[in-house]
Amino acid sequence: MRSVLKPLFVLLCLADPAAAQELRGHGGPVRAIAVAPDGASAMTGSFDQSAILWSLSGGTAEAVLRFHEGAVNAVAAVPGLGFATGAEDGRIALWRGAAAEPAEVIEGHKGPVAALAVSADGRRIASASWDGTARVTTREGGAALAFEGHQGPVNGVAFLPGGGLVTAGYDATLRIWPADAGAPRIVTLPAPLNGVVVAADGEIAVAAADGRLRLFAPDGEARGEVAVGETPLIALALSADGTTLATGGLRGQVALVDRAARRIRATLVGPGLPVWSLAFLPDGRQILSGGADRLVRRWNAVTGEHIGTVVPRAGADVLAAFNGERGAQVFRACAACHTLTPSDGNRAGPTLHGIFGRRIASAPGYAYSEAFRTMDIVWTKETVAKLFEIGPNAYTPGTKMPEQTIGSAEDRQALVDWLEKVTK
């Protein structure tokens, strides 16, 4: 049901001015954040299928927007209107203020929308999708331009000065499309790409699954890289003045990178849970982060210190008891979305408790996609291993699951052997 809600628990949580520095309201990991150009408001999107419009001055939820059928993966500010959201239902919704219904809905993608970008004048909206394409839609109407060529999900998109487009894909390619929509310049990199931003001077920055932040000239010439960590970078943002890049990943730390010097100048240390989204406030002195703990945190982007209440502990590491077991190590990439016990319930994905012998799309209380409900699969060690051998998009078309594969047969076997032991 499409509705706008202001849950009482959200307002109560935000009554304390100190606590208002942490925005609480989502029921799942915070997948996307965007801040309005004037810094007065922000919108967040979550795996819980909702978007929330926030007043940043008071830390209050102005509206909880429920329109999309699936996780809200992308949010962007739209000058002169409000915000845009993109979701795994393949649709883009444009929101004016706290209105209950979208002002416009853009359709065309055949897979989840993973990222959005808006031109400086607010007239064009670019979208990246797991259907392997990017699209540019002009708000005045007319046919959308489709950008095809990536071999797999497109995870990032950004406009270039002068009207060109940049896309970043799971196929480990950065593609730079000219303003006339001609053939792109293709740059092949060592690891899948999870995000891209472009500075006003045209410099391109991409976040990669090998923990590297890489920078390129507008023509694709490599200009440098910053080693942030050893785990995938899954969030990327650029300050309005272009001086600072922020990138975060699965381990929960966020690096603030001096773009000119190509060095990390500060690190935001949270509770150790995945950071899915980042957005600077317009003055560049504060930054918002959204993560697996369902909170939006506010940070000093100069010192790296948390603003407001003390960052809570991440809680017990459920995998700590399995240190040294290869299967548990492989599973860490899955722990953000799946639990192992019935008491922990469902997250962005269903609990894996009792998975072996269970038919697909049958975990209690989880909202499966229609595509899953029509599949004839029983989860066994063999079918789970096959899922990660060829990837979710190929094995279970229409899945909500992020595209990922495990290339090593030994790692796949270690994972399913370990899951058999811990999910009984």
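Key figures
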read-out	value
Kirkwood hydrodynamic radius over Cα pairs of the range 236-330, then Stokes diffusion coefficient at 10 °C and 1.306 mPa s, in µm²/s	112 µm²/s
Spin-label pair residue 332/residue 390, simplified geometry with 7 Å Cα→Cβ offset, distance in nm	3.0 nm
Hull shadow area, averaged, the range 200-242 [alpha-carbon convex hull, nm²]	3.1 nm²
GNM flexibility winner over the chain from 129, 343, 55 (Cα, springs under 10 Å)	343
In the chain, lysine pairs with alpha-carbon atoms under 30 angstrom apart (chain gap of 8 or more, or interchain)	11
Portion, in percent, of the accessible area of the range 93-140 that falls on carbon or sulfur, probe 1.4 Å	47 percent
Probe 1.4 Å, accessible area per residue of the range 57-207, Å²	36 Å²
Length gained when the stretch residue 380-residue 105 is fully extended (0.36 nm per residue, less Cα-Cα span)	95.0 nm
Rounded percent of accessible protein surface that carbon and sulfur make up, the range 180-327, 1.4 Å probe	50 percent
Potential extension, residue 413-residue 307 segment - 0.36 nm per residue separation minus Cα distance	33.8 nm
For the chain, built as a Gaussian network whose Cα springs stay under 10 Å, the top-fluctuating residue of 63, 32, 260	260
Value of Rg/Rh across the range 249-398 [Cα atoms, Kirkwood radius]	1.05
Kirkwood Rh (inverse of mean 1/r, distinct Cα pairs), the chain, angstrom	21.7 Å
Within the chain, helix-based [θ] at 222 nm, where runs of 4 or more DSSP H residues each add -39,500 (n - 2.57), nearest 500	-2500 deg cm²/dmol
Gain in span if fully extended, residue 121 to residue 222, counting 0.36 nm per residue against the direct Cα distance	33.5 nm
Accessible solvent surface per residue of the range 325-424, calculated while the other protein chains remain in place, 1.4 angstrom probe, Å²	49 Å²
Relative contact order [Cα under 8 Å, 6+ residues apart], the range 366-424, whole percent	33 percent
Tail weight of P(r) past 13 Å, computed on alpha-carbon pairs of the range 28-77, percent	52 percent
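The values are calculated or read from the model by the stated rules, or taken from the named source; none is laboratory data. Keep in mind that this is a model prediction, so the values were computed, not measured. Using ideal geometry, Cβ is built from the backbone for each residue, glycine included, and neighbour counts are taken over all protein chains shown. Accessible surface is based on the protein model in full, side chains and every heavy atom, while ligands, DNA and RNA are left aside. Shrake-Rupley method; radii C 1.70, N 1.55, O 1.52, S 1.80 Å.
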